[in-house]
Amino acid sequence: MEKERKNAGAVAVAHGAGAGRPMLPPSGQGRRGADNPPTPIRSAPPMPARRAAASSAPADAEQGASREAILAAARAEFAAKGLAGARVNEIAAQAGVNKQLIYYYFGSKEGLYRTALETVYTEIRSLERELHLGDMQPAEAMAALIGFSFDYLARHPDFIGLLNHENAQGAAFVRDSPAIRQTNSPLIDLIAKTLRRGIKARVFRNGVDPVELYISVAGMSYFFFSNRLTLASIFARDLGSASAVQAYRRHVVSFAMAGLRTG
């Protein structure tokens, strides 16, 4: 009889209490009747919505900060060593996070590398939009865009490192990233609109291709920063000083603008 009671109790736990139903005690152990109704089970009151949102906000902010720290460390590591040479352990250490958090957010080292590339391109396009080139006169807008392209490389040498390594491995990740292509399309459209406005205002000549113009402008800036040390050695000229950088910036802007003007 005692064994049967134990078996009955086990079944009640598995199918009664586990399913949210009150478990009845075995026969003869105080089963309540109509004169002695069971005490109702009280559930904990739900957390107020405002309090619940407030409690999740720090966690969301912390996760966002961790993700940003990982991406910043990844940009530096990939720029210096490329995808093959970069180490997830080093990225985690520089970001101050557990290595497993990187895999949680990005899936793999390759996923982190792809995201780092996409983040840089998105950042550049976002900063370009903040220039509000459409509010400027055509010549002013084009000069501002050319100057911005130069300034971004001056302030973000890691982008040059990322491009060098990506080109060395065949640009496989840039080629396979719809996000990067989508971020560059609006830029080409903006250049094309600025050229048309300039042609209409008779300050720009006809026949300038927007993509070719962008490649020319980006190429002048990129070549300077990616080869500055060898150029300085070959020509025995200091190209690293602030005055030298600003002098070449003026040259790039004036050279590109001269190629656009009529006459």
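Bear in mind that the values in this text are calculations on the coordinates, not laboratory data. Quick caveat, the model's predicted, so the values are computed rather than measured. Glycine gets a Cβ as well: all are built from the backbone with ideal geometry, and neighbour counts include every protein chain shown.
Values for this structure:
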read-out: Label-point separation, Asn98 to Ser226 (7 Å along Cα→Cβ), nm; value: 4.0
read-out: Summed residue charge, Cβ within 9 Å of Ile91's Cβ, Lys/Arg positive, Asp/Glu negative; value: +1
read-out: Rounded FRET efficiency, nearest 0.05, which uses the C-beta distance separating Arg261 from Tyr105 and R0 of 41 Å; value: 0.25
read-out: Largest-first principal axis extents, alpha carbons of segment 117-260, Å; value: 45, 38, 26
read-out: Proximal aspartates and glutamates relative to Lys193, as straight alpha-carbon distance under 16 Å, when same-chain residues fewer than 8 apart are discounted; value: Glu128, Asp135, Glu140, Asp209, Glu212
